[in-house]
Amino acid sequence: LLSFLTEKSNLAGVRHILLVLSGKGGVGKSTISTELALSLRHSGKKVGILDVDLCGPSIPRMFRVQDNDVHQCDSGWVPVFVDQDKSISLMSIGFLLEKPDDAVVWRGPKKNALIKQFIADVAWGDLDFLIVDTPPGTSDEHISTVEALRPYKPLGAILVTTPQAVSVGDVRRELTFCKKTGLRVLGIVENMSGFVCPHCSECTNIFSKGGGEELAKHAGVPFLGCVPLDPQLSQSLEEGRDFIQEFPKSSAFPALAHIAQQILDGISQQSY
Amino acid sequence: AAALQLSLSVAECPGTSSAQAGRAAACQGCPNQRLCAGGAAAAPDPGEAAELREWLRAVKHAVLVLSGKGGVGKSTFSAILAHGLAADEAKQVALLDIDICGPSIPKMMGLEGEQVHQSGSGWSPVYVEENLGVMSVGFLLSSPDDAVIWRGPKKNGLIKQFLRDVDWGEIDYLIVDTPPGTSDEHLSVVQYLSAAHLDGAVIITTPQEVSLQDVRKEINFCHKVKLPVIGVVENMSGFICPKCKNESQIFPPTTGGAEKMCQNLNVSLLGKVPLDPQIGKSCDKGQSFLAEAPESPATLSYKSIIQRIQEYCDQHQFQEEKII
C-alpha cells in the first residue's frame, strides 16, 4: 500500500509542459514542435515531444526514427530516444502501427482512451520541457489532452498560423478554445511568412503576410515572430535532420531560434 | 522486452448503429464497448434513414474531397471545383462543408457573415450563384471567434442534419469538403452517403513525404470503406519566381511526389497545380480564382483536373445506366 501511495506520476519529473496548437491544418505545428525541441536541446535542455495527432502522426519521421518501436518498462512505456545523447525523446502513435500506411480510423472515444494512456503511461523521466504536438481543430484530441494535463499545470500554448485570412480565421477559434479551457497563450507564430527566391532574392508573399501579427495584436497575446518559407527547412524535415545544428545560415533559422529564446526568457523572468 | 504494438487493431469502429457495434475486434478496449454491445447506442430511426435515402437518391453525383493531411488545399480545391462545375448554368451544384471545427468554405466563397434561414421545407442553403448553393457550420456561428468545441458524436449529429434538413433541391453535383484525418466526420459522411451515387473521392496532397505519408493512410481508408478513388491532385507543386522565372521546390518531392505514390498505389494522378500567390488572395477575398486569374498556369491545371473529374462522373453514370 505504501509503495502505491508514494508512486510518482510519470509526469512528475517534467518541469514545463507546453502545447502547440492551431485551429488550422498544415500551418506547421509539427514543424514548430520539432524545431523548438531542437533549439531547446541546443540550449542544453532535455526535451520530450508527445504527438497526439492520431490520424496523421508527423513527428517520428521529422527525427528519422519512424521505424523505431516502443518498449515497456516497470513504470510504463519507454519513449523513443532520438539519439545516443537521450536529450530528445518522443511518443507517437506512429511508433505503434504495424505498417506505416495503416489508417487509424477511430471515432472519438477510442482516440480519447489512447490519449489518456499517452499522458499517464509514458515514462518520460526528468525533462525540462514536454512539448505536446496536436492535430488541427478543437475536438476530442484537444479536449482530452487539456483535461488530462490539467493536474500538471501546463505552461501554456503556442499557436501557429500562416499569414492568410483563411488560416487566421481558424486560429481565432483556437484562441477561444484556450480561453474556455483556461490555457495560457504563450504567443502566436506566423509561419510560411514570405518566400525569398534563392536565385534572385525577390521576396514573394505566397500565403500573404501579416495576418498572424495582426491577430496577436487584436487578441492581446505575444507575437513570437514570422518564420519564412525555407526549402532547406522542408528538406531537413523530410530527411529527419537537425536543422538547428546543420543549417544556421538558412533563412528560417533566426526566427526559429528566436521563438525558443522567448520561451526560455519568459520562464527565467517568471513572466509565466 | 517485446516491442509494444497497438493491442487495438487499426480496424475501424464499426459504427454505433451497426449490427457489429460493441462486438467487433476493434471494439476491445473502447470505452463505449458495453454501451454499444447492449444496443444502447443510437439505433437509426427507420423513418429518418428513409428520408435521408430519398433525397440522396436524387443527387446525380457526389464527390468527397479528402486528404489525410491538413493544409494541402482541400477547401481551396472544393471551392474551385464548385465554381468550375457551376460554370455550366444548366447544372445545379451543392457544396457541403463538413469541417465542423475549421469551416473555411464561407470565407472562400465570399459568404462570410451569411446566416442560414429556416422554412417549412427545411434549412436553406446559402447561394453564391443561382445554381451554386453552400452549407457550412460557419453560417451557424454568430461571431468569427466562436469555437465549436465538440466531441465526435455531436459533430456526427450536425453532419446528419446537414444532409437531412437542408432543402437542397435537385442536385447534379454534391461536393463534400472534409477536415483532415480519418475519423468521425469521414466515417459518418461515408455511411450517410451510402444511399447516394457516391462517385468517389478526390484526394489532395502536396509533394513532400510528410504529406504523402498521411495521404497513403487516407487512400487505405477509402479502400477499407469501399470508396472509389477518382484520383489524386498534387497541390503546391513547385513555385515559379515572378521576377526571375526560376522554379523552386518549396515542398520538395523527396520520395517522388504524388506521381510515384499514385504509381505504387495504382490510383490516377489527376494533375499537379503550382503555387500561385493569387490563389491564397482569391480565397481570402472570397473570389473565384478561375475568374480572377484565367491565364495562370494553376488555372489551366485546375481546369484540366475538373474536366477529368467530370468525365469520370459521366462514365460512371453511363455505366450505371447501361446496367439498368
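What follows draws every value from the coordinates through simple rules; no lab data is involved. Everything quoted here is computed from the prediction, not taken from an experiment. Glycine gets a Cβ as well: all are built from the backbone with ideal geometry, and neighbour counts include every protein chain shown.
Partner shielding of B:288-301 amounts to 0, given as the average count of beta-carbon atoms from other chains within 10 Å of each residue beta-carbon. Peptide A:60-71 has a mean of 2 when you count, residue by residue, the C-beta atoms of other protein chains within 10 Å of its C-beta. Annotation: cysteines of chain A without a disulfide-compatible partner (Cβ-Cβ under 4.7 angstrom) are A:Cys55, A:Cys73, A:Cys178, A:Cys203, A:Cys226. By definition, a body whose alpha carbon gyration tensor gives a ≥ b ≥ c is oblate when a/c is 1.5 or more and a/b is not larger than b/c, and segment B:252-314 fits this oblate description. Of the Cα atoms belonging to segment B:45-319, the radius of gyration and Dmax stand at 18.0, 63 Å. Pairs exceeding a 21 Å alpha-carbon distance, out of A:Lys24/B:Lys260; B:Lys74/B:Lys285; A:Lys8/A:Lys153: A:Lys24/B:Lys260. For A:Arg184, the shell of other residues with beta-carbons less than 14 Å away shows a net charge of +3, using +1 for Lys and Arg and -1 for Asp and Glu. When the Cα gyration tensor is reduced to axis lengths a ≥ b ≥ c, the ratio a/c stays below 1.5 for segment B:48-126, which is therefore classed as rounded.
Once the convex hull of all Cα atoms in segment A:17-269 is built, its volume per residue stands at 131 Å³.
Is the protein assembly as shown best put as rounded, prolate or oblate by its Cα gyration tensor, with a ≥ b ≥ c the root eigenvalues, rounded for a/c under 1.5, and otherwise prolate when a/b is larger than b/c, oblate when not? Oblate.
Taking Cα centre as origin and charging only the Cβ of basic (Lys, Arg, +1) and acidic (Asp, Glu, -1) residues, the dipole magnitude of segment A:17-269 rounds to 840 debye.
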